[in-house]
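The values are calculated or read from the model by the stated rules, or taken from the named source; none is laboratory data. Computed from a predicted model, the values in this text were never measured in an experiment. As a convention, Cβ positions derive from the backbone with ideal geometry for all residues, glycine included, and neighbour counts pool all protein chains shown.
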Amino acid sequence: MSEDRRFIVQIGAGTDQHGHNNDCTNAAIKAIKNAISNNCLCGLSEICNFREPKDINRMVVHVKIGAPYPDNIDEEKVLNAIPFGEKTIEVVRGGLLAEGVMIKELGDISDQIIICNAAVTVSVKI
C-alpha cells in the first residue's frame, strides 16, 4: 500500500484586473503559475529516485485556492495550469477584492480587482 508524503508546499498570488465578470478562474491560474514558476523540483530525481518519465505519475499535486467568489471558478481550467502528476483541487472563500479602474472597452462590469491565493502541495507516493 502506498503512502503520500509531502515534498513541498508552494505559495502564490494572482490577480485579474479587467473583464472578469466575477469569475476567479484567471486569477487562480495566475496564482498557481506564481507558486510553481520559481521552483525546480530536482529532489524528485535526486532524493525520490524519479528516473523515468513515468515516475512523474507518483507525484500528487493538491491545489488549494482562496477566492473571493469560490463558486465562480472553472476547476478543470485551473488544474490545467499544473503540468504533471495526479491533481486535485480545493476552492475556499478567501483572496481579496481591491478597487481598481473600470474600463468598459476591456469588458469590465465593475472596478473590482480579483486577487486569489494558491497553496500548491506536491506529495510523493512512497
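Looking only at residues of region 47-67 that are out of contact with any helix residue (DSSP H, G or I) (no Cβ under 9 Å at 6 or more places or on another chain) and either in contact (Cβ under 8 Å) with a residue 12 or more places away in the chain or aliphatic (A, V, I, L, M) (or both), we find that the one that is farthest from ILE8 (Cα to Cα) is ASN57.
For region 1-32, a residue qualifies if it is at pLDDT 95 or above and surrounded by fewer than 16 Cβ atoms within 10 Å (Cβ to Cβ), and the qualifying residues are VAL9, ILE11. For region 85-122, a residue qualifies if it is among the small types (Gly, Ala, Ser), out of contact with any helix residue (DSSP H, G or I) (no Cβ under 6 Å at 6 or more places or on another chain) and modelled with pLDDT of 95 or more, and the qualifying residues are GLY94, GLY95, ALA98, ALA119. For region 45-56, the condition of being among the aliphatic types (A, V, I, L, M), at pLDDT below 95, surrounded by fewer than 17 Cβ atoms within 10 Å (Cβ to Cβ) and closer than 28 Å to ASP4 by Cβ holds for at least one residue.
For VAL92, the criteria (1) crowded, with 16+ Cβ neighbours inside 10 Å; (2) under 18 Å from the mean Cα position of the chain (by Cα) hold in every case but one, which is (1).
Among all positions in region 69-86, there is at least one residue which is surrounded by 13 or more Cβ atoms within 10 Å (Cβ to Cβ), closer than 14 Å to ALA118 by Cβ and acidic (Asp, Glu).
Those residues that are crowded, with 17+ Cβ neighbours inside 10 Å and not in a strand (DSSP E or B), I need them from region 100-126; list them, please. Within region 100-126, just ASP108 meets the criteria. Listed by first and then second residue, the pairs with beta-carbon distance under 9 Å, at least 6 apart or on different chains, first residue in region 6-20 and among the charged types (D, E, K, R), second part of a loop (DSSP other than H, G, I, E, B), are ASP16/ASP23; ASP16/CYS24.
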